[in-house]
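The values are calculated or read from the model by the stated rules, or taken from the named source; none is laboratory data. On a predicted model such as this, the values are computed, not experimentally measured, just so you know. Cβ coordinates were reconstructed from backbone atoms using ideal geometry, including for glycine residues, and neighbour counts include every protein chain displayed.
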Amino acid sequence: MSLPRRKFDTLIIGAGGGGLRAALQLSQAEARVAVVSKVFPTRSHTVAAQGGVNAALANVLPDNWHWHMFDTVKGSDYLGDQDAIEYMCRAAPRVVYELEHMGVPFSRLDNGKIYQRAFGGQSRNFGGDQAARTCAAADRTGHAILHSLYQQNIRARTHFFDEFFAIDLLRDPEGNVLGALVLEIATGEPLVIEAKTVLLATGGAGQLFRTNTNALINTGDGMAMALRAGIPLQDMEFFQFHPTGIAGKGMLITEGVRGEGGYLLNGEGERFMERYAPKAKDLASRDVVSRAIYTEVREGRGCGPDKDHVLLKLDHLGVDVVAKRLPGIRETVKTFLYLDPAETPIPVYPTAHYTMGGIPTNRHGQVVVPEHNGPEEPVLGLYAAGECACVSVHGANRLGGNSLLDILVFGRAAANHIIGELKQNRYHRPMNDDSVDQAMARLSRWDRRDGSETVDGLKRELQTVMEQHCGVFRNEEILKEGVAKVVELEARMQGAYIKDHSKVFNTARIEALELENLMDIALATVCSALERRESRGAHSRVDHPERDDVHWMRHSLFHKDGRRMDYKPVRIKPISVEPFPPKKRVY
Amino acid sequence: MGAATEINRLRWQCRRGMRELDLLLLQFLDSGYADLDANATLAFNRLLDCPDALLLEWLLGRQLPSDKEVADVVQRIRRRPAA
Ligand SMILES: Cc1cc2nc3c(=O)[nH]c(=O)nc-3n(C[C@H](O)[C@H](O)[C@H](O)COP(=O)(O)OP(=O)(O)OC[C@H]3O[C@@H](n4cnc5c(N)ncnc54)[C@H](O)[C@@H]3O)c2cc1C
C-alpha cells in the first residue's frame, strides 16, 4: 500500500517539556525537525507540574551541584546511574538560566534573583540541614516552561504535527530506525514520517493504575512502541505512589495538609498511623503511609459503603486555617467531592504518580540495549528523553523537582548528540515496506465489527488488576496472580472491538490503540516487580523487606519477546568525582 | 460535520494535560453539553481554546472568565450532576 510520506532530519514524538526542549536545540542548529503530538503541544502533561524545577543556584541557602548529586543518588536508593546524575546536577543551573532568558517568569527574591523553595529530600553538605533548591514560577512552573518552549519553537520554525497519534516505529532488518507511522486524528489518515533520527518523548504511564494523578493522555505509548520494536524496558517495577489521592478520582492532596496538622482515620475512627509509625505518625515517608492505608482497607477497616478508602481529617483545624493555609486543596475537594474539607474529612487512597522506569538510554539520550559487545550498545538513530526514558537519574525513587530537570537536561543533551549524528549521516536510509505494513496492521486490526470485549471494560479491569496486584503492597503470591491476570486480559483483548468505524476524530480507535500500549507496559511492570525479590525505593516487597545490594543493585530489563528478564549493572562511577557508595537510606 | 463527529472532535479537545480538567470536561461533555443552546455551544468551544492553567483557575472556582457566556458555561460545568 502506498501511503503519503514526509521527510525530516529528526522526528520527535511528544511535545511536553522534553520533546520541546530537544526540538528547540535542533531547530536552532538548522536541522529540519518534526514534532508529533497527540494533543495540542501546550496541553501536554508537563503543564500539570506546579512545584518547580531543581537547580543548585544557592540563591536562598548555600548549595552546590555535588550536594544535589548526593541527594539524588541517595533518593534513588542507589539504583540511579551516577554518571547521568552528575551530568544532570551540573547542567541544572544552566538549563534554568536558559529558561529565564526564554522568558519563563520565575518567582523572585527581593534582590532580583530567582526564588528557591525547600522540597523533601534536599540537603546541604551531603545529608545535613535542609536545602532550598526548587525554582518555581508561582504554582504554574510546568505551564510557564511549556508555553515558553512552544513559542520559541514556533519562532525557530519547528514543524508541528498537532493531534497526530504515533502508532509504531519503523525499522529496517538491520535494526536502524527509519521513522514512524502516525495517524492524523482529525482525518483518520495514516502518514509515514521518515527521519534520520527519532526521539521518543512521550511521557509517563500513570493510566496503568485505577487511581492516579496523571492526565488521560499518559498511556506510555512511546515505551510500548519501544517494546514492540524489540527494545527492552528498564526498571519498570519502580512506580511512585503518593499516599493521599482523592479516593476513586486520584487527584493529589499534598503532604502539606498533614504538615498543617491533618491526620488519617480508618473506618473504626482510629488514628491508625500511630500503629505503623509511632514517632512520625501521619508524616512518615510516602511509601510507609501508602502501605498503611492499603493494609487498613485490605483488612476490612476501610471507610464508606465499599470500605475502599480511609479519611483525611482536617476539620479540627478550623475554617480559618484551612481557608488561609490550604486554599488550593479546599477548592479541589469542593469541586470534585462537593464537600468542604473544613467541615468534613476527605476520602483518600494511594495514587499512582510517576513512572521511574522506561526506555533505557545513556546520558546522551541514545537508546541502549544489550548486544554481543556489552550491556549498553546504542540503537542507531533512536533516542529517548523525559519520563518515557530511563537514563537513569531517578533510580528506584524520584525526588520532587527532579523530573522537570530531567526532561530539560536530557532533552537538550539528546538534541546535541543528534546534531553530531546528522553531520555524519546526511541521507535517509531506504524505507522498509514490511515495517510499514506491520504498523498498518495494528491499525486495521480495529476494523473488525464484532467481538466479545469492549476497550473501556478491559481498561478498567487492567487498571484494577494493576492497583491490586502491583500497587503499594507487593509479595510473591499477589504478583504471581497479577502476572496471570494481565496475561489473561491480554488474551481477551484479541476479542475486543470498537463500534465506531468513522474516520474523522475517531477517539474510540485512539483509545483502543492506547489500551494495547497500556497492556504491554502492564506486563513489563508486573513481571519486573515479581522478579525483583528485595525492597528498594518505591518497590516494596513485604516478603523481602530489606534492600539487597549484593544481588539486586542492578537494573532490570524486560523484553516483550518471551516476557524475558535480563539485568545490567548500575553505573556507580560518576564522571569527575568519587562514587557515593550505598548506605542505608534514612531521613 | 455531523453531530456524532462533532462530539468526537470535542471529546479529543477535552483531553488536557491535567487530570482535574479531563474529569470535569469529559463529565460535562457526556451529561451537560447536549443541553447547551447555540450560543453556549460556541462559548464551550471558546473555553476549550483556552490554556490549561487558565481552565484550572476557572473550573476550580478561583476566578471567573470575563467573557460572560464562557463564565456561564464554567458555572454549568461546576454544577453538581444529578445523581
Ligand atoms: C500532578 C503532577 C505534578 C507534578 N509536579 C512536578 C513538579 O512540580 N516538578 C517536577 O519536576 N515534576 C513534576 N511532575 C512530573 C513531571 O510533570 C513529568 O514527569 C514531566 O512533565 C514529563 O514530561 P515529558 O516531556 O517527559 O512528557 P509529557 O509532558 O507527559 O509529554 C508527553 C508528550 O508526548 C505526546 N504523546 C504521547 N504519546 C503519543 C503518541 N502515541 N503519539 C503522539 N504523541 C504522543 C503527548 O501528546 C505529549 O505532547 C508532576 C507530575 C504530576 C502528575
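General remarks:
- Output for the range A:166-219, where each listed residue is of a type in the set (A, V, I, L, M) and within 16 Å of A:Asp520 (Cβ to Cβ): A:Ala166, A:Ile167, A:Leu169, A:Leu200, A:Ala205, A:Leu208
- The set of residues in the range A:36-58 that are among the aliphatic types (A, V, I, L, M) and more than 10 Å from every other protein chain (Cβ to nearest Cβ) comprises A:Val36, A:Val53, A:Ala55, A:Ala56, A:Leu57, A:Ala58.
- Output for the range A:486-514, where each listed residue is more than 13 Å from every other protein chain (Cβ to nearest Cβ) and either within 16 Å of the ligand (Cβ to nearest atom) or touching a residue at least 12 places away in the same chain (Cβ under 8 Å) (or both): A:Val486, A:Val487, A:Leu489, A:Glu490, A:Arg492, A:Met493, A:Gly495, A:Ala496, A:Tyr497, A:Ala512, A:Leu513
- Just one of the listed residues (B:Ala38, B:Ala3) is modelled with pLDDT under 95, over 10 Å from the mean Cα position of the chain (by Cα) and either away from chain A (no Cβ under 14 Å) or surrounded by fewer than 17 Cβ atoms within 10 Å (Cβ to Cβ) (or both), and it is B:Ala3.
- Considering A:Gln50, A:Gln28, the condition of being over 20 Å from the mean Cα position of the chain (by Cα) and not aliphatic (A, V, I, L, M) is satisfied by A:Gln28 alone.
For every residue, the table says whether it meets (1) surrounded by fewer than 24 Cβ atoms within 10 Å (Cβ to Cβ); (2) assigned to a loop (DSSP other than H, G, I, E, B); (3) modelled with pLDDT of 95 or more.
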position: A:Pro62; (1), (2), (3): yes, yes, yes
position: A:His68; (1), (2), (3): no, no, yes
position: A:Gly80; (1), (2), (3): no, yes, yes
position: A:Ala84; (1), (2), (3): no, no, yes
position: A:Ala91; (1), (2), (3): yes, no, yes
position: A:Leu99; (1), (2), (3): no, no, yes
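- Residue identified as at positive phi and out of contact with any helix residue (DSSP H, G or I) (no Cβ under 9 Å at 6 or more places or on another chain) among A:Asp77, A:Asp63: A:Asp77
- Among the residues making up the range A:1-41, those that are part of a helix (DSSP H, G or I) and near the ligand (Cβ under 9 Å from one of its atoms) are A:Gly17, A:Gly18, A:Gly19, A:Leu20, A:Arg21, A:Pro41.
- Strands (runs of 3 or more DSSP E) fully within the range A:155-260 counting 1 or more residues that are more than 14 Å from chain B (Cβ to nearest Cβ), in contact (Cβ under 8 Å) with a residue 40 or more places away in the chain and near the ligand (Cβ under 9 Å from one of its atoms): A:159-162, A:164-171, A:177-184, A:189-200
Residues are listed down the side, and each one gets a yes or a no for (1) surrounded by fewer than 16 Cβ atoms within 10 Å (Cβ to Cβ); (2) more than 8 Å from chain A (Cβ to nearest Cβ); (3) touching a helix residue (DSSP H, G or I) at 6+ places or on another chain (Cβ under 9 Å); (4) small (Gly, Ala, Ser):
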position: B:Arg16; (1), (2), (3), (4): no, no, yes, no
position: B:Asp22; (1), (2), (3), (4): no, no, no, no
position: B:Ser31; (1), (2), (3), (4): yes, yes, no, yes
position: B:Phe44; (1), (2), (3), (4): no, yes, yes, no
position: B:Leu55; (1), (2), (3), (4): no, yes, yes, no
position: B:Leu59; (1), (2), (3), (4): no, no, yes, no
position: B:Val70; (1), (2), (3), (4): no, yes, yes, no
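- Residue selected from the range A:402-412 under the condition surrounded by 24 or more Cβ atoms within 10 Å (Cβ to Cβ) and closer than 14 Å to A:Ile12 by Cβ, by the criterion nearest to the chain's Cα centre (by Cα): A:Ile407
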